[in-house]
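**Q** Submitted below is the structure of interest, expressed as structure tokens.
The values are calculated or read from the model by the stated rules, or taken from the named source; none is laboratory data. Source: prediction; values computed, not measured. FYI the Cβ positions are ideal-geometry reconstructions off the backbone, even for glycines, and counts take in every protein chain you see. With ligands, DNA and RNA removed, areas are computed over all heavy atoms of the protein, side chains included. Shrake-Rupley method; radii C 1.70, N 1.55, O 1.52, S 1.80 Å.
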Amino acid sequence: THDPDDGLFLKSTATGDDNPFKLTLQTGETDIAQDDVLGSIFFQAPDEGAGTDAILVAAGIEAISEGDFSSSSNATSLRFKTGSSAAASERIRLTSAGRLGINTTSPDALLDVEGTTDAEIRVTRTTASFSTSNTDAGSVLNLENKVLFENGYGGDSNVGQILFNSADDSTGQGLRAKIACHKIG
């Protein structure tokens, strides 16, 4: 349905349970190779009067193949792009393996944050008022180990760890420090 001066409404006419509206973007390519874009959604203000950077693509979402498609593989990543003072570029990638990379196109962990000057993860809790109760937990970073050890934790088992690694050749590469929660006994 056309909404004058605003755009379109897309609605499914099916009224039964589990009949959501679906929008499917399909490529006509017959041979998908690594890094092929399967579909894109871009956001832009091409008529912005300021021109230059203001009229470039400001944000986008793309589906990109992780390798050649076959009868047993359609591995695809989603990349999220944003702009600041140029055309939008990739900032976040979610891989088919469920890995989320921030400022990296090849996340090596379930959450991989990279930065050239700062790679900060912040947990902030805000509140308008604070109770006088002493039971407030504040911000929490929870490292939880749900692995079931058949005979309990061994003498050298870790429940959780925070590792500090270095890739600096001048000071030595590898593990520099570790904070670990060990099973005692």
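**Q** Which residue, Ala63, Ala45, Ile32, has the largest displacement toward the positive end of the dipole of the range 22-68 when charges sit on each Cβ (Lys, Arg +1; Asp, Glu -1)?
**A** Ala45
**Q** Let me ask something additional. Given q = 0.09, 0.10, 0.12 Å⁻¹, what are the Debye log10 I(q)/I(0) values for the range 1-114, with equal point scatterers placed on the Cα positions and solvent ignored?
**A** Treating every Cα as an identical point scatterer, log10 I(q)/I(0) equals -0.36, -0.45, -0.63.
**Q** Moving to a separate point now. Could you pull out every one of the aspartates and glutamates with an alpha carbon less than 15 Å from that of Lys11, ignoring same-chain neighbours closer than 8 positions?
**A** Within the straight-line cut-off, Lys11 pairs with Asp3.
**Q** On the Cα set of the range 12-70, report Rg and Dmax in Å, please.
**A** 17.2, 48
**Q** Considering only DSSP states other than H, G, I, E and B, which chymotrypsin sites (Phe, Trp or Tyr not before Pro) in the range 18-120 qualify as loop sites with at most 10 other Cβ atoms within 10 Å?
**A** Of the chymotrypsin sites (Phe, Trp or Tyr not before Pro), the ones in loops of the range 18-120 whose Cβ has at most 10 other Cβ atoms within 10 Å are Phe21.
**Q** If you roll a 1.4 angstrom probe over the protein chains with everything in place, what fraction of the accessible area of the range 1-89 belongs to carbon and sulfur, to the nearest %?
**A** On the way: 3340 of 6630 Å².
The nonpolar share, carbon plus sulfur, comes to 50 percent.
**Q** Given a 1.4 angstrom probe, what's the average accessible area per residue across the range 1-43, in square angstrom?
**A** 92 Å²
**Q** Ranked from the most accessible area to the least, with a 1.4 Å probe and all protein chains present, what is the order of Thr104, Thr76?
**A** Ranked list, largest accessible area first: Thr76, Thr104.
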